[in-house]
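The values are calculated or read from the model by the stated rules, or taken from the named source; none is laboratory data. As the structure is a prediction and not an experimental result, all values here were calculated from the model. Here the Cβ is made from the backbone with ideal geometry for all residues, glycine too, and neighbour counts use every protein chain on show. Accessible surface is based on the protein model in full, side chains and every heavy atom, while ligands, DNA and RNA are left aside. Shrake-Rupley method; radii C 1.70, N 1.55, O 1.52, S 1.80 Å.
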Amino acid sequence: MESDMDADALFDALVAEDVVVENETVSLTEDFEHRWSIYLDTYASVTPEAFDEAVADAFGVSVEEAREIEVTRAEFSYYLALHAHLDGDYSADEIGVMAEMVDRIGPSSPVPDDLRELGDDAYPEFLAANPDCVVSIWKRDCAPCKAVAEDLDRIRDAAPDDVAFAGMDGDDVVEFRREFEVDAAPAVLAFRDGELAETTTGGVGTEAIIETLRTVYD
């Protein structure tokens, strides 16, 4: 089903429906962002099988077809939040386009810009190529995460130059978190010789992270 509305009309609908607000910048309304965060919290930790089933049910396709749909948990949560929030009569395709719009407007990835970002599809290759590496887990609206980000340069200096660093959006890496038993953010995982050596989680502070890395890579 194709959209009967062009992109400008769909954006105007988002404003009229109190999804988006235009002031000096364009941002999501507090009410809609809260609704989205509830869906994101729901789907961030479900198994890949349960997520595929949810996508299949939402889009009316088979589970096999759902696995071929390249949609993140954050994007899927935007789609569901719009479906619940909008009062107007919109097609599935129109809601899909609107979800892409709000995904671009909404909170960006919590991974700092100067870190390579990995997803569940990329981390096995990264770990194989970098036996000595540090992988950090970040989440949106996480005060301890922001504190760690401010000290990222100091944390990097605590490891040798040949140790690779990467970051992951905790809401999108269910497989990684399940494999390495990560249930909090921020989390800093130090790998040595291809094996997980230490995991530091929660708001333990920069000094504890630095000391852990110095111990692992001493």
Next item on the list: Could you check, for the stretch 46-55, whether at least one of its residues is modelled with pLDDT of 95 or more and open to solvent by 60 Å² or more (accessible area, probe 1.4 Å)?
Entry: yes
Margin query: It is to be established whether one or more residues within the stretch 109-125 are over 15 Å from the mean Cα position of the chain (by Cα) and farther than 30 Å from Val204 by Cβ.
Written below: no
Next item on the list: Say whether the condition of being surrounded by 14 or more Cβ atoms within 10 Å (Cβ to Cβ), more than 20 Å from the chain's Cα centre (by Cα) and over 21 Å from Gly106 (Cβ atoms) is met by at least one residue in the stretch 58-66.
Entry: yes
Notebook entry, point to check: What number goes with the only condition from (1) surrounded by 17 or more Cβ atoms within 10 Å (Cβ to Cβ); (2) not hydroxyl-bearing (Ser, Thr, Tyr); (3) not in a helix (DSSP H, G or I) that Ala74 does not pass?
Noted result: (3)
Note to self: Show the residue pairs meeting these rules: Cβ distance below 6 Å; 6+ apart or different chains; first residue within the stretch 181-193 and over 22 Å from Tyr217 (Cβ atoms); second residue surrounded by fewer than 21 Cβ atoms within 10 Å (Cβ to Cβ) and at pLDDT below 95.
What the structure shows: Ala184/Thr201; Ala184/Gly202; Ala185/Lys139; Ala185/Cys142
Notebook entry, point to check: Do we have Asp153 as open to solvent by 50 Å² or more (accessible area, probe 1.4 Å) and either at pLDDT 90 or above or not polar (S, T, N, Q) (or both) here?
Noted result: yes
Next item on the list: Scan the stretch 14-32 for residues that are part of a helix (DSSP H, G or I) and surrounded by 20 or more Cβ atoms within 10 Å (Cβ to Cβ) and report the count.
Entry: 2
Checklist line | Residue within the stretch 126-142 that is over 21 Å from Thr47 (Cα atoms), among the acidic types (Asp, Glu) and within 22 Å of the chain's Cα centre (by Cα) present | finding: yes
Item checked: the stretch 33-45 - residue that is aliphatic (A, V, I, L, M) and assigned to a helix (DSSP H, G or I) and, of those, most open to solvent (accessible area, probe 1.4 Å) -> Ile38
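Under the condition of being assigned to a loop (DSSP other than H, G, I, E, B) and open to solvent by less than 50 Å² (accessible area, probe 1.4 Å), which residue from the stretch 203-218 is nearest to Lys139 (Cα to Cα)?
Gly205
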Item checked: Hits in the stretch 173-202 - residues which are open to solvent by 70 Å² or more (accessible area, probe 1.4 Å) and not in a helix (DSSP H, G or I) -> Glu181, Asp183, Arg192, Asp193, Glu195, Glu198
Check: When you scan the stretch 79-172 for helices (runs of 4 or more DSSP H) that lie fully inside it, which ones turn up with 1 or more residues that are under 18 Å from Ala16 (Cα atoms) and without any contact (Cβ under 8 Å) to a residue 24 or more places away in the chain?
Finding: 92-105
Note to self: What's the number of the only condition in (1) crowded, with 16+ Cβ neighbours inside 10 Å; (2) modelled with pLDDT of 95 or more; (3) within 29 Å of Gly194 (Cβ to Cβ); (4) touching a Phe, Trp or Tyr at 6+ places or on another chain (Cβ under 9 Å) that Pro131 fails to meet?
What the structure shows: (1)
Checklist line | Criterion: of a type in the set (Phe, Trp, Tyr) and over 18 Å from Asp171 (Cβ atoms) - qualifying residue of Phe59, Phe51, Phe76 | finding: Phe59
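So which of Asp31, Asp18 ends up being among the acidic types (Asp, Glu) and on the phi > 0 side of the Ramachandran plot?
One residue alone meets the criteria, Asp18.
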Check: With respect to Arg140, is the statement that it is open to solvent by 40 Å² or more (accessible area, probe 1.4 Å), among the basic types (Lys, Arg) and in contact with a strand residue (DSSP E or B) (Cβ under 7 Å, 6 or more places away or on another chain) true?
Finding: no
